[in-house]
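*Asks:* Quick one: this structure, given as structure tokens, is what I'll be asking you about.
Please treat every number below as a calculation from the coordinates, not as lab data. Small disclaimer: the values here were computed from a predicted structure and weren't measured. Cβ atoms come from the backbone with ideal geometry, glycine included; neighbour counts cover every protein chain shown.
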There are 4 protein chains.
Amino acid sequence: MSFQNPVFIPGPTNMPESIRKACDMPTIDHRSPLFGQILHPARANVQKVLKSANADVFIFPSTGTGGWETAITNTLSAGDTVLAARNGMFSHRWIDMCQRHGLDVQIVETPWGHGLPADRYAEALAADKGHKIKAVLATHNETATGVKSDIAAVRAALDAADHPALLFVDGVSSIGSMNFEFDAWGVDIAVTGSQKGFMLPAGLAILGFSAKARAATKTAGLPRTFFDVNDMAKGYDNSAFPYTPPVGLMNGLLLASDMLLREGLDNVFARHTRIASGIRAAVHAWGLELCAATPDLYSDTVSAIKTPAGFNATEIVNHAASAYGVAFGTGLGEVAGKVFRIGHLGSMTDVMALSGIATAEMCMVDLGLDIKLGSGVAAAQDHYRRTTGQALQDAA
Amino acid sequence: MSFQNPVFIPGPTNMPESIRKACDMPTIDHRSPLFGQILHPARANVQKVLKSANADVFIFPSTGTGGWETAITNTLSAGDTVLAARNGMFSHRWIDMCQRHGLDVQIVETPWGHGLPADRYAEALAADKGHKIKAVLATHNETATGVKSDIAAVRAALDAADHPALLFVDGVSSIGSMNFEFDAWGVDIAVTGSQKGFMLPAGLAILGFSAKARAATKTAGLPRTFFDVNDMAKGYDNSAFPYTPPVGLMNGLLLASDMLLREGLDNVFARHTRIASGIRAAVHAWGLELCAATPDLYSDTVSAIKTPAGFNATEIVNHAASAYGVAFGTGLGEVAGKVFRIGHLGSMTDVMALSGIATAEMCMVDLGLDIKLGSGVAAAQDHYRRTTGQALQDAA
Amino acid sequence: MSFQNPVFIPGPTNMPESIRKACDMPTIDHRSPLFGQILHPARANVQKVLKSANADVFIFPSTGTGGWETAITNTLSAGDTVLAARNGMFSHRWIDMCQRHGLDVQIVETPWGHGLPADRYAEALAADKGHKIKAVLATHNETATGVKSDIAAVRAALDAADHPALLFVDGVSSIGSMNFEFDAWGVDIAVTGSQKGFMLPAGLAILGFSAKARAATKTAGLPRTFFDVNDMAKGYDNSAFPYTPPVGLMNGLLLASDMLLREGLDNVFARHTRIASGIRAAVHAWGLELCAATPDLYSDTVSAIKTPAGFNATEIVNHAASAYGVAFGTGLGEVAGKVFRIGHLGSMTDVMALSGIATAEMCMVDLGLDIKLGSGVAAAQDHYRRTTGQALQDAA
Amino acid sequence: MSFQNPVFIPGPTNMPESIRKACDMPTIDHRSPLFGQILHPARANVQKVLKSANADVFIFPSTGTGGWETAITNTLSAGDTVLAARNGMFSHRWIDMCQRHGLDVQIVETPWGHGLPADRYAEALAADKGHKIKAVLATHNETATGVKSDIAAVRAALDAADHPALLFVDGVSSIGSMNFEFDAWGVDIAVTGSQKGFMLPAGLAILGFSAKARAATKTAGLPRTFFDVNDMAKGYDNSAFPYTPPVGLMNGLLLASDMLLREGLDNVFARHTRIASGIRAAVHAWGLELCAATPDLYSDTVSAIKTPAGFNATEIVNHAASAYGVAFGTGLGEVAGKVFRIGHLGSMTDVMALSGIATAEMCMVDLGLDIKLGSGVAAAQDHYRRTTGQALQDAA
């Protein structure tokens, strides 16, 4: 198998050389002080990436899915009510997890391609006079549809109703790539994984907990041990995990978070916007549309692109892999076969993006779509050449 | 920090060069057929390492602790009774996890340094006419005390009582290093992690499930999603995980299991016995004793060495790290301060073992113990030189 | 600095992951049998890559320049006459080296952009009745101009004149990427380096010697020790070098040559032709011309592209580096400022090539050239999509 | 093959993890400014390692042997006289190279195991009234015999005779590990390689030239191109090599020299003395002797150990490799079969050294020598434990 071409899946991302080397670490004694020299600054860095002054950062050898489970099992009890919109595959899965843990999920069905409906959250919260709703779930960036939602608006809905529910945000495909404001948005639990904005291999669930979320652990009745944040906190106090930590990944996280902070979070976000804008320029040049209903919803980490009716979008993904050795993302769930996805997060340059656009064009022409070769590339080139700057190169 | 010296902790082990390179893998599309080419043979290999013809192998991005949680949450319901002996820190922790998940643990208290008391298991099972006991927990190799237990005897106890309870075995520090017979011992769930006999970084929980254990998942009431084996099985059917898999670690597992099988499991076990015997010869030459009460209990992966009364064994570990850059294991729980541990599993040669023995000697002399420099080394040398063979070199 | 974008210099090439790992080898005893297990099969493979049945393969810790020096110092004496055409920077440098070693070079001046003039070689050889010419130098692929020459025609010129001169061929930027026939062309010494068709880091000079060339070493008067092939041959007989060998690079050469042979040399060459053809389609779509005068001279490893009169082509190279983080090659010597070069040898996919073409387009537009964005990309896409095949992917 | 055990050859050394990673570098454009950012600080660092304020540092893709050739071909002409002592295999080889380049070598035969006889150098120089001797060759550390010589005394001999000859010093196995004072000793050319004190893979010749040596290049008649220091100097002025540089090795050299300077050269040398002293304590405990005739000659990088008459010392080396997977050095030339060598330079800890000593003991007992197991280990342990310090650990 060739590893020469970039990948264009919405995570795991292409990994910078330096991060791979940081992860590929020889064995050390994870109970020695050496581990603390990795653990503590890594956690402090993640806090900054979350734009939080006080969030407790927890890192588990797991994935974003494990992060979701950490969020609910540490703070809720069977029978508790949670409020959640379903507008894509990943919000769907989190809802499913809640139900399987015996939670009563008040689901706000939302068309795929739309953002979280803050107004309907507001209605539901206002209606919940008895505060049965213990937590509100919000997917910041729906990876399946390439839709970014307005978390500040969800917080505003909570505040407007003066509702004490916790706010849990899935930032798996946004944190580290798109603006995320733990403190300003009043987030109680933020969840992400290592393989997205942090550009690491999969294997870490990364969470921030507010003091309010930590307090909720005292009454939470759902059973947990592996994902228990209080055990984990006790471990951290001893520069350890309650079990064997994935030292190399933690070392990679330390470097990755250092890189993001050194570049400057706002520069990182601007870089993602720039790359994403080029991709979107190509989509428009092709005469195609994004799954995201309106421009304010466009994700800067992944674009889900609608193909013409009657065409199976998944064929593009399969053909790209077999004919050109390039990985795109398929549509999932309701949009399976209707969209294909280009992931453009993490360590992606304009030059890499252009090769993805060029490949997508070849695939679409190969499969009979009426696309002009070079058209999307030209639109993206025009954007990239007008916006290139040394900053971009320096960042990497 | 120096990475030149070997580590002598009972996992994570020293990692062979080739395994590190297999884990350090560039990003691939984990939903492409490439991943199946890693996943399926890795699972098939693990089955063979378990000496099982039919066990369902499950691998989670987690650790051995997550493996324990997988075992109980997939097969049991709150209020169920489990039978477990407590003879060390790791059996203690598994019991604690069960209790926190609402299980009723019938604890067979056993002196640390002793093996699982099959006779007392037999009594308890015979007494349980109503079959309230749903599962029997057995720690094959207590990493805290360096004690190996007789799992076949526990199975015999179950059989003698004609008891239907499931048999769960913690083989975290034995599987891949010491003989483990999933089928012959009638094991229902075996649990291990990546960082021991498989010589990988921490980050994988690895389990085998018998058909009977799989059947128990249908009635198990404990909530689970991340660790749900049926979701995972469905993922495997599509050459995938239900979430993002740790591809590099899986690729490492494929190579590690290949290496073990190519060497031949019995050769691997003999190699561990040979290295361990040299360490034990040194301990005896020093005039010290192992924590393990009798020779039949000696573990071939870790030796817990008792220091004289009044001496704090943990000082040896701290001094070895600070003065010589060498990592040993401390005593845990009841034996904290009373023992220090030398881990000798995974990719360890006689030459490496000798450097660990020599370091331990220097530390003990530095700290005032009445040990003759070179005495343990000479005893181990004598053992190693009488037993060396090309097999050893070929193995590595 | 970012390492995310491919390089488009005519060597060192982009390196496959597996080759990098083969080179990154821990220290072994280079006098142990382990080294022979690398050395002997690597040399046998290189012989096959040269399409030779009997050539003696020599490998020095050096570069192609060291290879040239090896050729002349082992076979010639001060005052000897050699015949050489000068049609580019690299033929020029070899001539210069000969002169500095006291050889009398009969130079056939040839316009840059043209191939070796076999007819003028023929004239010179026919005129040399006294056989003063001891060696004929021929640059198979002029890296500076992207011009491939006809070595068989040079051999024919020697044969027509029944001339005993040795035939030395610089195949630095052709061997392993373009067809090279040591035996069929009657080559006496072939020279290459590790960083081109073998896709390795720089650091090895790689040579083939015919029996006739070996015989010439007996009378050669030029002093040499480091580059002495007879010392080296004696080393090889003991599975060694006469000094410390670069073991990791040798291990990389073993793998690289294995990869080329497994893919099949003709498949490798066809792959290079396919990638190069796409680049050339782009050049033509831009309305630009190659430095190579006629299509039969087009190199499949590097394209030197002429920019309009009055434009400094080197600006493209500088701008690509600073604005887009992409490396092209500048013009050298006579064509400095008149051409820029795209290297497309080694481990290069169509997808990577498209990103290079797209970058060149952006640069040219940025610098005011009248180029249509996407035009070259579209021409290359058209070529690539019509010619893609699984073979391509399997190769890498 | 196993890479788990350290090597005990006198170079290439065991490589620190960080240095291996620095060498394993992706392809960059070696003509871009990036390369200058490696080249210039690496050269400046090497100058400091040589303890020189003004030496011109030259680095060639080659080995120490190439460095010798660089020294003589850049400064001398055929027929020139050089003065050299022969006291081991490496001084012998350098003499041989001189003779093959047409130099007239005035050889001072010296018993192997003895140092350079400064008094006899003094006599020869005093006798050379006509200043026929153009260069004096001095091997600082004879790797074959483990003998360190007094270069300051050779300089004193030159000064006493008021002789203008150049002083060339082979510091291949001393520079970076043992004190070397380019300026204070009035060295004109110092030669080393990458695989010794710099702990890199083989592949670089590293030289310092005094202004006087540079001046000699103007009249030097020996032909050279690849090794021409003036071409190289011109390249450096353009942040380049005159041919393709080995970028990864240069990057490794930058890190390695940084590491040496950060540790402090005197600390590095003290560390080598400490490790070597432990080895020597073991040798004495075994009742054996070093090849080096007197303690002032003991090398801190390699110990050549004499075995009893009638015993073939090479058997120890072969047996260590086959029975224990450990590499020692054989005796070379006059001392072949009479000594075996333990290399202890570069990145070697006391813990690693003890494993080498223990292995040597097992081998000697296996082969019938009257050695007490553990005896050398105990002597070395005693030395190491009395001299350990945090400095040691911090250094690595």
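*Asks:* Share of antiparallel DSSP beta bridges in chain C, in percent to the nearest 5?
*Replies:* That works out to approximately 55 percent antiparallel.
*Asks:* Rounding to the nearest 20 debye, state how big the charge dipole of the range D:78-195 is about its Cα centre with +1 on each Lys and Arg Cβ and -1 on each Asp and Glu Cβ.
*Replies:* My answer is approximately 260 debye.
*Asks:* Separate question: Count, for each residue of D:239-247, the Cβ atoms from other chains sitting within 10 Å of its Cβ, then give me the mean as a whole number.
*Replies:* Counting other chains' Cβ atoms within 10 Å and averaging over D:239-247 gives 6.
*Asks:* Tell me whether the range A:147-281 comes out rounded, prolate or oblate; compute the Cα gyration tensor, take square roots of the eigenvalues as a ≥ b ≥ c, and use a/c under 1.5 as the rounded threshold.
*Replies:* Cα axes put the range A:147-281 in the oblate bin.
*Asks:* On to the next question. Per residue of D:378-386, how many C-beta atoms from partner chains lie within 10 Å of its own C-beta, taken as a mean?
*Replies:* Across D:378-386, the average partner-chain Cβ count within 10 Å equals 5.
*Asks:* Still on this model: With point charges of +1 on the Cβ of Lys and Arg and -1 on the Cβ of Asp and Glu, referenced to the Cα centre of chain B, which listed residue (B:ALA240, B:PRO117, B:LEU255) lies farthest in the positive direction of the dipole?
*Replies:* Checked the options; the winner is B:ALA240.
*Asks:* Before anything else, pin down the relative contact order of chain C: Cα pairs under 8 Å, at least 6 apart, normalised by residue count, whole percent.
*Replies:* Rounded, it is 23 percent for chain C.
*Asks:* Which of the DSSP-defined H helices in chain A satisfy a minimum axial length of 20 Å, computed from C-alpha atoms, and a minimum mean Kyte-Doolittle hydropathy of 0.5?
*Replies:* A:247-263, A:350-366
*Asks:* Once you keep just the Cα pairs under 8 angstrom separated by 6 or more residues, what percentage relative contact order results for the range D:265-395?
*Replies:* Relative contact order for the range D:265-395 comes out at 30 percent.
*Asks:* May I pose another question? Work out the FRET efficiency for B:ASN54 and A:SER322 from their Cβ-Cβ distance, taking R0 = 30 Å, and round it to the nearest 0.05.
*Replies:* Plugging the Cβ-Cβ distance into 1/(1 + (r/R0)^6) gives 0.30.
*Asks:* Continuing with this model, one more query. From the residues A:MET178, A:GLN195, A:SER32, which one has its Cα farthest along the dipole of the range A:17-262 in the positive direction, the dipole being from +1 and -1 charges on Cβ of Lys/Arg and Asp/Glu about the Cα centre?
*Replies:* So the residue furthest toward the plus end is A:SER32.
*Asks:* Given points 7 Å out from each Cα along the Cα-Cβ axis, report the A:ALA156 to D:ALA293 separation in nanometres with one decimal.
*Replies:* Result for the modelled spin labels: 9.3 nm.
*Asks:* Once you put a point 7 Å from the Cα of A:ASN238 and another 7 Å from the Cα of D:ALA184, both along the Cβ direction, what distance in nm separates them?
*Replies:* Taking the two extended label points, one gets 5.1 nm.
*Asks:* Given the rotation relating B and C, tell me which residue in B puts its Cβ closest to the axis and the distance in Å.
*Replies:* B:LYS21, 2
*Asks:* Here's something else I'd like to know. Distances in nm, one decimal, shortest first, from C:THR294 to the same residue in every other copy, taking the label point 7 angstrom along Cα→Cβ.
*Replies:* Once sorted, the set of distances for C:THR294 reads 6.6, 7.8, 9.4 nm.
*Asks:* Given +1 on the Cβ of Lys and Arg, -1 on the Cβ of Asp and Glu, and no further charges, what dipole in debye does the protein assembly as shown carry about its Cα centre, rounded to the nearest 20?
*Replies:* Value, rounded to 20: 0 debye.
*Asks:* Taking the Cα centre of each part, how many Å lie between the range A:104-134 and the range A:273-343?
*Replies:* 29 Å
*Asks:* Using a ≥ b ≥ c from the Cα gyration tensor of the protein assembly as shown (square roots of the eigenvalues), is it rounded, prolate or oblate, where a/c under 1.5 gives rounded and otherwise the larger of a/b and b/c decides, a/b for prolate?
*Replies:* oblate
*Asks:* Another question about this same structure. Put a point 7 Å out from Cα along the line to Cβ at B:LYS132; what are the distances to that point in the other copies, in nm, shortest first?
*Replies:* Between copies, matching label points for B:LYS132 lie 3.7, 10.8, 11.2 nm apart.
*Asks:* Please get the size of the charge dipole for chain A, origin at its Cα centre, with Cβ charges of +1 on Lys and Arg and -1 on Asp and Glu, quoted in debye to the nearest 20.
*Replies:* 360 debye
*Asks:* For the range C:154-209, what does the alpha-carbon gyration tensor say about shape, rounded, prolate or oblate, given a ≥ b ≥ c as the root eigenvalues, a/c under 1.5 as rounded, and a/b over b/c as prolate?
*Replies:* Prolate, because a/c is 1.5 or more and a/b exceeds b/c.
*Asks:* Then there is this: Would you please state which residues of the range A:235-274 a label at A:HIS40 would reach in this model, taking the label point 7 Å out along Cα→Cβ and a backbone N cut-off of under 13 Å?
*Replies:* Residues passing the 13 Å test: A:236-240.
*Asks:* Relative contact order of the range D:239-328: what whole-number percent is it, with Cα pairs under 8 angstrom and at least 6 residues apart?
*Replies:* Normalised by residue count, the contact order of the range D:239-328 is 18 percent.
*Asks:* Can you list, shortest first in nanometers, how far D:PRO41 lies from the same residue in the other copies, with each label 7 Å from Cα toward Cβ?
*Replies:* 1.7, 4.0, 4.3
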